[in-house]
1. Using Cα positions and a limit of under 20 Å, work out the lysines in reach of K60, with same-chain residues fewer than 8 apart set aside.
2. State, to one decimal in nm, how far the label point of N47 lies from the label point of K95, with both points 7 Å from Cα in the Cβ direction.
3. Round to the nearest 0.05 the FRET efficiency obtained for K85 and A57 when R0 = 22 Å and r is the Cβ-Cβ distance.
4. First select every other residue whose beta carbon is under 10 angstrom from the beta carbon of Y63; then total the charges, Lys and Arg +1, Asp and Glu -1.
Amino acid sequence: MSRVTALILGFVLLTTGLAFAQQTPSVAQAKVKAVEVGNKICPVSGNPVAGGGMGEAAVKFEYNGKIYNLCCTGCLEEFKKHPEKYSKIAEDEVKAAKK
């Protein structure tokens, strides 16, 4: 095999491997699954989430690898605007319920 052919073959194999690596999630990423926070009170409205506080079905929203329960789609939009604030409220509610 000539030197030029070997260089071309090496380049093709390298670029193919890099493209494959970018498309394939790592094993660690593939095993990560969102965790249900378990809040029973909507952190936005303060209404119970079971059955939907506003006549709607309860809404689930994933943020930072955790799933938060909300009472309605209106609260979902507000949660998206201030996720740090509302995720803390939900987590505090769950901690308080465990005590």
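1. Partners within reach: K33, K40, K80, K81, K85, K88, K95.
2. That separation, rounded to one decimal, is 2.7 nm.
3. On the way: r = 24 Å, r/R0 = 1.09.
About 0.40, to the nearest 0.05.
4. Values: positive: K66, K80; negative: E62, E84.
Spelling it out: positives minus negatives among the neighbours equals 0.
Every number in this text was worked out from the coordinates using simple rules, so none of it is lab data. Please read these numbers as outputs of a predicted model, since none were measured by experiment. All Cβ positions, even for glycine, are placed from backbone atoms using ideal geometry, and neighbour counts span all protein chains on display.
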